[in-house]
Amino acid sequence: MPRCRVCGRRAKYYVPWSNAWFCPEHFIRYVERSVFRVYEKYIGGRHRRVLFAVSGGKDSVSLLHILAPKLLSEGVDVSILFIDLGIEGYTSKALKIVEENASMLKIPLIVSRLRDYGYTITDVAELYFKKLLRRPVCSICGMVKRYLMNRIAYEEGYDLVLTGHTLDDAAAFTLVNILSGRIDELVKIKPYNPGNHKLIARGKPLLFTYEAETKWYVEARNLPVLRVKCPYTPVEEGLVSEIKAMLHRLEERHPGIMRMYMRNLIDKLQPAISREIKESRLVYCSVCGMPSSTDPCGFCRIRSRILELKRGVEG
Ligand SMILES: [Zn+2]
Ligand SMILES: [Zn+2]
């Protein structure tokens, strides 16, 4: 019977990349400590009003429970943001889970509704399936989430937004960027982006945390998480998911290789690449006033297109 590396009791979780067995209690501490270390190294104590973007999935729920109590104990003002994308049969379940987590931790919850801007992701999906929109649903959804996160944080006076992006996705995504030569995208994936003016600082404290760790963390702590997948998750996710599967195979024979890659990318490769590329110039969207690389911004452009298509479909 394997024993916990810390206390010697019966172990439940084997962590290959640390070559260690843990009991549930010490596994929880191990994960928390590793996330604290990332937070302290890259983000630190410079922010006083922090917004956790929580979707209800295991990653953002883990991040919230790992970090929010610690920040609260340091006197930081903490809130949760849930973005209601209006996905039928899905959003209401997700919101219930997020509400449950918010009340467990007694943290205020802000709900931002895409419907208030005149449409939902279900509308986007219908237009996409009718071939009236070319851009895939997940791509529009991702852009909408990033926009609303920043806008709400700005309007409500938060100085940092934290999201639950984990290592597995980030490793696969950055490798795809290397393969396709998109170096400007490659340098955007980082544990901390300081922002400026209307661009609120963004942090990804789980960037070195394996998905398996958040899965076991919510299990060990028996936290409420959303068990259903978004109905628009593509069956075939293309290159990113193939790379991810490849990384998981590599990881079996070389435990820790994904984390090592991410460390080297963030600490060594990115600083070198950043020196070579020009920062993209930001303008302010003439419709909504938020910063963007284009005018109107991506959000306002797609919004007016969707509203126009909806009028056409309905009228
Ligand atoms: Zn133990
Ligand atoms: Zn705009």
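For M143, what accessible surface area do you get with a 1.4 Å probe? Give it in Å², rounded to 10.
20
Under a plain spin-label model, where a point goes 7 Å from the Cα along Cα-to-Cβ, how far apart in nm are D295 and E156?
3.0
At 1.4 Å probe radius, can you tell me the per residue accessible area of region 86-184 in Å²?
48
Can you flag which of K145/K229; K131/K188; K96/K131; K96/K198; K58/K106 are past 27 Å Cα-Cα? Write out the running numbers ahead of the final one.
Values: K145/K229 17 Å; K131/K188 31 Å; K96/K131 33 Å; K96/K198 30 Å; K58/K106 19 Å.
Flagged as over cut-off: K131/K188; K96/K131; K96/K198.
If the cut-off is a Cα-Cα distance under 12 Å, which aspartates and glutamates reach K215, setting aside same-chain residues fewer than 8 apart in sequence?
Result set, ordered by chain and number: D59.
Would you kindly state how much longer the chain becomes between E88 and R135 on full extension, computed as 0.36 nm times their sequence separation minus their alpha carbon distance, in nm to one decimal? Could the numbers behind the result be given before it?
Details: separation 47, 0.36 × 47 = 16.92 nm, distance 2.00 nm.
Between E88 and R135, full extension yields 14.9 nm more.
I'd like to compare 92-103, 283-294: which one has the highest average count of other Cβ atoms within 10 Å, and what's the full order after that? If you can, show how the numbers build up before the last one.
Values: 92-103: 17.6, 283-294: 15.0.
With the highest mean Cβ count within 10 Å placed first, the list reads 92-103, 283-294.
Tell me, what is the 1.4 Å probe accessible area of D267, in Å² to the nearest 10?
Result for D267: roughly 60 Å² accessible.
Please work out the FRET efficiency for the pair S304 and K70, using the Cβ-Cβ distance as r and a Förster radius of 35 Å; give the result to the nearest 0.05.
After rounding, the FRET efficiency stands at 0.25.
Given the C-alpha centroids of region 1-79 and region 272-315, what is the distance between them in whole angstrom?
Region 1-79 and region 272-315 have Cα centres spaced 35 Å from each other.
D for the chain, whole µm²/s, Stokes-Einstein with Kirkwood Rh over alpha-carbon pairs at 25 °C and 0.890 mPa s: what number? Kindly include the intermediate steps, with their values, before the conclusion.
Numbers: Rh = 20.9 Å.
Once the numbers are plugged in, D ends up at 117 µm²/s.
Taking a point 7 angstrom from the Cα of S241 along the C-beta vector, which residues in region 156-180 have backbone N less than 16 Å away?
From region 156-180, the list is 169-170, 172-173.
Hey, any idea what % of region 142-250's accessible area is carbon plus sulfur with a 1.4 Å probe?
In region 142-250, the share of accessible area belonging to carbon and sulfur is 53 percent.
Can you send over the solvent-accessible area of L282, 1.4 Å probe, protein chains only, in Å² to the nearest 10?
Only protein atoms counted, so the area is about 70 Å².
Roughly to the nearest percent, how much of the accessible area of region 1-73 is carbon and sulfur, given a 1.4 Å probe? Provide the component values of the computation, followed by the final result.
Working: 1740 of 3410 Å².
That fraction is 51 percent.
The values are calculated or read from the model by the stated rules, or taken from the named source; none is laboratory data. Keep in mind it's a predicted model, so treat the numbers as computed, not measured. Reconstructed Cβ throughout: ideal geometry from the backbone, glycine too, with neighbour counts over all protein chains shown. Ligands, DNA and RNA are excluded from the accessible area calculation, which covers all protein heavy atoms including side chains. Shrake-Rupley method; radii C 1.70, N 1.55, O 1.52, S 1.80 Å.
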